[in-house]
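Visitor: If you scroll down you'll find the structure; I have some questions about it.
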């Protein structure tokens with residue numbers, strides 16, 4: 001997942017500091033296990049990075065619930081994570 005690809009998929013972060021975006025992409029990369037996620041790893045990384053960006057004070061406007069930092073990106077990330085894990089569970 002490249003910074004350019006991320007911004008193309010999430011243009012709402014186009015004006016966000018590139019260093020911050022790259023740090024969140026790196027963090028998300030370290031939290032996603034490609035073996036478990038399979039072909040959805042890049043998508044999971046993007047949604048997790050978007051959530052991490054939105055969970056910062058600067059991203060407050062994108063939160064659904066400010067008190068618990070739930071974001072639209074987290075909801076989609078969780079959906080993808082469950083799909084990836086369920087798929088893995090069927091193989092085992």
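Visitor: From 14, 30, grab the single residue that is under 12 Å from the mean Cα position of the chain (by Cα), farther than 19 Å from residue 75 by Cα and free of Cβ contacts under 8 Å to residues at least 12 places away in the same chain.
Guide: 30
Visitor: List every residue pair whose Cβ atoms sit under 9 Å apart, with the two residues 6 or more apart in sequence or on different chains, where the first one lies in the range 40-64 and is surrounded by fewer than 22 Cβ atoms within 10 Å (Cβ to Cβ) and the second, anywhere, is modelled with pLDDT under 85 and assigned to a strand (DSSP E or B).
Guide: 55/63; 55/71; 59/71; 62/71; 63/70; 63/71; 64/70; 64/71
Visitor: Would you list the helices (runs of 4 or more DSSP H) that sit entirely within the chain and hold 2 or more residues that are at pLDDT below 90, out of contact with any helix residue (DSSP H, G or I) (no Cβ under 9 Å at 6 or more places or on another chain) and on the phi < 0 side of the Ramachandran plot?
Guide: Those helices (runs of 4 or more DSSP H) span 72-91.
The values are calculated or read from the model by the stated rules, or taken from the named source; none is laboratory data. These numbers come from a predicted model, not from an experiment. Quick reminder, even Gly has a Cβ in these numbers, built from the backbone with ideal geometry, and neighbours come from all protein chains shown.
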